[in-house]
Structures are given as structure tokens and as C-alpha cells.
Amino acid sequence: MKDVLDILGNVPVTKETIASLYPDVSGSNQKVASLEHSGKLLRLKRGLYIVNPAWNGKRISNELVANHLYSPSYVSMHTALRWYGLIPELVYLVQSMTLKHSRVFENSIGRFSYIGVGRDYFPIGLRQEEAEGTSFIIASPEKALCDLICYTPGVNLRYQKEAQAFLEEDLRLDMDAFCQFNAKILHQCAEAGKKTQSIETIIKLLER
């Protein structure tokens, strides 16, 4: 017999949504606690859950979890660059940008960090991607690089030589892919965000 939880798939949902699946059961808090205790649900944070992939066989998208865990937000920085295959290192921290205050969450899925950015800067260069049968919001490669430069302490790229060393040696970025970056997004980030000089140096390196 198919379990009612199957309709949730691998999408994070609130306690209230889960309780609504069991209208004949009194005590919604106890029901959700029972499902968590039995291992059918994983708690992402207070009031937010996801069906255990060991129970329903649906793989979890950490990117989708990140979107739901603290919103509005989008996946970015090393996490996004790795998702696009632009850097070789594995990334164990899911990094996101948000309109809210910076925060860090840890749960059984992993560790999720959020950095607060300005309202004008936030929507630049975002796209919707798909993984594990779900859609999530992630920075474009250009925006992810800008976020990484702007919000990493100590990164100050005054000269093209410094910028190239940062991309090739520090990030080990795929430079062939970098040559295909959309300069328009970089210009928008330079105008609306932080470290304008550093982003402009990246633009000069791209356009030379």
C-alpha cells in the first residue's frame, strides 16, 4: 500500500502541511513527532521537515533544501561553481545569499550558510535549475563568482595579474568556461554590489 507521505516526494514541507495529510488523526504535533521518531521524516529546522530518502527512495537536493531552509535565498559561491563543474574541489558547505541576516544551519542533511546581501544586488544573475526531479534557484556562474569575491574577506583584486592568479590558483576555475562568461552580469554586479574595483578587474581580464 502506498504511503501518504509519498506525495511529498523530496520537497521540504512544514509541520502543518504534514499534519494535513492525516485529517483523522488528533494531535498533529504528536503525529509529526511520531513520524520523525520512526525515521520517516528528517527535521531540517523547527517546523520544517523532509521525507527520509531511506524511506521513499527519493534523493534529496541540498540546493532545494537550502532554498527552503532560509528564504528568500539562492545557492551561490563555491557551491554554485562546483554545481556547474567550474571548480574541481568537493564542497561540503552549502553556501547561499539571502535578503535576511546572515545565518548558519546544521541538520542531518548537512551544513548551510547564508550571507545577507543588498536588495538591489540580490536578483542579478539568478536562474532556475533542476536536480533530483525538483527545481531550485541558483546564481549564474558570473553571479556566483561575484558573490565569492565580494563576500570573501581579504580578496582585493586591483590588477589583472592578481585576478588571474585568484581564478587559476586559488579557485582553480575552468578558464575556458570563464572566457564564455556574460560580462553584462559582471557589470551589473559591479554597479549594485560591493568591491566594485575587484569586479571591474575581473571584467577587464575577461574582455582583454
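Values quoted throughout were computed directly from the atomic coordinates according to the rules given, and no laboratory measurement underlies them. Note that the coordinates shown come from a computational prediction; the quantities given were computed from them, not determined experimentally. Note that we place each Cβ from the backbone using ideal geometry, even for glycine, and neighbour counts take in every protein chain shown.
Relative contact order for the chain: what percent, with Cα pairs under 8 Å and sequence separation of 6 or more? Display every interim value, and only then the final one.
Numbers: 329 pairs, mean separation 33.3, N = 208.
Dividing the mean separation by the residue count of the chain yields 16 percent.
Distance in nm between label sites at Gln160 and Asn29, each 7 Å beyond Cα in the beta-carbon direction?
Going by the 7 Å Cα→Cβ label model, 6.4 nm.
What list of ³J(HN,Hα) values in whole Hz, one per residue of segment 3-10 in order, does the Karplus curve 6.51 cos²θ - 1.76 cosθ + 1.60 (θ = phi - 60°) give from phi, with Gly and Pro shown as x?
My calculation for segment 3-10 gives 7, 4, 5, 4, 5, 7, x, 10 Hz in order.
Near Gln160, within a Cβ-to-Cβ distance under 13 Å, what is the net charge of the other residues, with Lys and Arg +1 and Asp and Glu -1?
Details: positive: Arg158, Lys161, Lys204, Arg208; negative: Glu162, Glu168, Glu200, Glu207.
That sum, taken over residues with Cβ under 13 Å, equals 0.
Find how much the distance from Tyr92 to Asp176 grows on full extension, using 0.36 nm per residue of separation minus their present alpha carbon separation; answer in nm with one decimal. Walk me through the intermediate numbers first.
On the way: separation 84, 0.36 × 84 = 30.24 nm, distance 2.51 nm.
Length difference between fully extended and current span is 27.7 nm.
Run through segment 24-116 and list the GluC sites (Glu not before Pro) located in a DSSP loop whose Cβ has at most 11 other Cβ atoms within 10 Å.
Here the sparse-neighbourhood loop sites are Glu89.
Going 7 Å from the Cα of Arg82 in the Cα-to-Cβ direction, what parts of segment 163-189 have a backbone nitrogen less than 14 Å from that spot?
171-172, by backbone N distance to the label point.
Efficiency by 1/(1 + (r/R0)^6): what FRET value for Thr14 and Arg103, r their Cβ-Cβ distance, R0 = 22 Å, to the nearest 0.05?
The computed FRET efficiency comes out at 0.75.
With 10 angstrom as the radius, rank Cys146, Cys179 by how many other C-beta atoms surround their C-beta, starting from the fewest. Could you put the intermediate results ahead of the total?
Values: Cys146 29, Cys179 9.
Listing Cys146, Cys179 from fewest to most nearby Cβ atoms yields Cys179, Cys146.
Can you list the lysines whose alpha carbon is less than 20 Å from that of Lys204, not counting same-chain residues fewer than 8 positions off?
Filter leaves Lys143, Lys161, Lys184, Lys194, Lys195.
Taking just the alpha carbons, could you work out the radius of gyration and Dmax for the chain, both in angstroms?
When restricted to the Cα atoms of the chain, Rg and Dmax are 19.9, 67 Å.
Among DSSP beta bridges lying fully in the chain, give the percent that are antiparallel, nearest 5.
Of those bridges, close to 75 percent are antiparallel.
Any idea which of Ile199, Leu64, Leu42 is furthest toward the positive side of the dipole for the chain, if Lys and Arg beta-carbons carry +1 and Asp and Glu beta-carbons -1?
Most positive-ward Cα: Leu42.
Using alpha carbons only, how many angstrom separate the centre of segment 39-106 from the centre of segment 170-208?
Here the answer is 26 Å between Cα centres.
Using Cβ contacts closer than 10 Å as the measure, can you line up Arg103, Arg46, Arg59 from fewest to most? Could the numbers behind the result be given before it?
Working: Arg103 15, Arg46 7, Arg59 12.
Exposure proxy ranking, most exposed first: Arg46, Arg59, Arg103.
If you add up the charges near Lys143, with Lys and Arg at +1 and Asp and Glu at -1, over every other residue whose beta carbon is less than 12 angstrom from its beta carbon, what do you get?
Taking every other residue near Lys143 into account, the sum is 0.
Can you tell me the orientation of helix 141-150 relative to the chain, as the angle in degrees between its alpha-carbon axis and the longest Cα principal axis, to the nearest 10?
With rounding to tens, the tilt is 80 degrees.
Give me the net charge for the shell around Arg59: Cβ to Cβ below 15 angstrom, other residues only, Lys and Arg +1, Asp and Glu -1.
Details: positive: Lys58; negative: Asp6, Glu63, Glu130, Glu132.
Net local charge, Arg59 excluded: -3.
Name the cysteines of the chain that stand alone by the Cβ rule: no other cysteine Cβ under 4.7 angstrom.
Cys150, Cys179, each lacking another Cys Cβ under 4.7 Å.
Compute, for segment 93-135, the length of the dipole vector about the Cα centre, with Cβ point charges of +1 (Lys, Arg) and -1 (Asp, Glu) only. Units Debye, rounded to 20. Present the calculation step by step, with values, prior to reporting the outcome.
Details: 5 positive and 5 negative charges, 51 e Å.
My answer is approximately 240 debye.
Applying the Karplus parametrisation 6.51 cos²θ - 1.76 cosθ + 1.60 with θ = phi - 60° to the phi angles of segment 59-64, what ³J(HN,Hα) value in whole Hz is obtained for each residue in order, glycine and proline being reported as x?
5, 8, 8, 4, 5, 5
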